[in-house]
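Below is one structure, written out as structure tokens, with a few remarks after it.
Every number in this text was worked out from the coordinates using simple rules, so none of it is lab data. Please read these numbers as outputs of a predicted model, since none were measured by experiment. Methodologically, a virtual Cβ is constructed for each residue, glycine included, from the backbone with ideal geometry; neighbour enumeration extends over all protein chains shown.
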Amino acid sequence: MMMSYENALYDSGYRLVCGIDEAGRGALAGPVVAAAVILPKGCIIEGLRDSKKLSPARRDFFYEQINGQACATGVGIVDNKIIDQINILQATVKAMRQGVEALSEKPDYILIDALTLPDLEIPQKGIIHGDDLSLSIAAASVIAKVTRDRMMCDFHETYPMYHFNRHKGYGTREHLLRIKEFGPCHLHRKTFRGVI
């Protein structure tokens with residue numbers, strides 16, 4: 001089931017199918033991170049699904065599995081300052097493009113969670129809830145989420161008062177209280193409601 005989109009493309013003659021997804025689009029602090037993943041034809045990763053539906057331990061497990069099996073992975077990172085300048089949608093598209101450009105192999109078809117990338121010469125399809133319907137997108141979802149979560153844990157070392165290691169920059173009650181108490185730091189997205 002999770003390979004139905006990919007298998008249809010293989011049957012049509014496409015060889016390198018890439019899944020793309022992002023993490024951190026709705027957060028109040030930190031970057032938006034996108035990943036592009038090309039899995040080999042016939043790849044099976046049992047239990048892989050949308051990263052938001054996996055425990056942190058399972059995400060870490062699948063992160064290693066994906067990196068071990070993928071033909072290529074690429075990551076794009078756009079920081080909060082750029083997000084504030086160009087808006088989160090444009091920043092997400094920028095991060096996704098960076099992810100594709102970082103691939104060691106050029107895909108001949110791209111499957112993207114919900115979005116499409118304008119002016120990209122590679123054929124593509126945006127799939128609503130793609131991270132639950134396509135193994136390639138689910139793999140990208142995990143790579144993006146784990147990469148970003150690890151960055152936010154690193155940021156916690158510099159800004160322990162915000163507890164980024166717990167909420168990863170999302171607008172939890174704890175995070176909002178910390179912003180209220182300490183004010184925003186240079187990682188916060190100043191154009192997002194709840195930050196200022």
query = Could you give the angle, 0 to 90 degrees to the nearest 10, between helix 173-182's Cα long axis and the longest principal axis of the Cα atoms of the chain?
reply = 50 degrees
query = So for the pair HIS186, GLU157, with labels modelled 7 Å out along Cα→Cβ, what separation do we get in nm?
reply = 1.7 nm
request  = Describe numerically, in nm with one decimal, the distance between label points set 7 Å from Cα along Cα→Cβ at ILE128 and at TYR170.
outcome  = 2.2 nm
request  = Would you mind checking the pairs LYS125/LYS145; LYS52/LYS81; LYS53/LYS168; LYS52/LYS168; LYS145/LYS168; LYS53/LYS125 and listing those with alpha carbons more than 19 angstrom apart?
outcome  = LYS125/LYS145; LYS52/LYS81; LYS53/LYS125
ask   = What list of ³J(HN,Hα) couplings, whole Hz, do you get for region 98-112 from phi and the Karplus terms 6.51, -1.76, 1.60, once you set θ to phi - 60° and write x for glycine and proline?
value = 4, x, 5, 5, 7, 5, 6, 10, 8, x, 9, 7, 10, 10, 10
request  = Using the charge dipole of region 1-115 (Lys, Arg: +1 at Cβ; Asp, Glu: -1 at Cβ; taken about the Cα centre), state which of LEU9, ALA91, ASN80 has its Cα farthest towards the positive end.
outcome  = ASN80
task = First check a/c for region 4-147, with a ≥ b ≥ c the square roots of the eigenvalues of its C-alpha gyration tensor; if it is under 1.5, answer rounded, and if not, answer prolate when a/b is larger than b/c or oblate otherwise.
result = oblate
ask   = Where the centroid of each part is defined by its Cα atoms, how far is region 16-52 from region 102-146 in Å?
value = 7 Å
query = Considering the chain as a Gaussian network with a 10 Å cut-off on Cα pairs, which listed residue, CYS185, CYS18, CYS71, attains the greatest mean-square fluctuation?
reply = CYS185
request  = Quote the relative contact order of region 4-147 in percent (integer), defining contacts as alpha-carbon pairs under 8 Å separated by 6+ residues.
outcome  = 37 percent
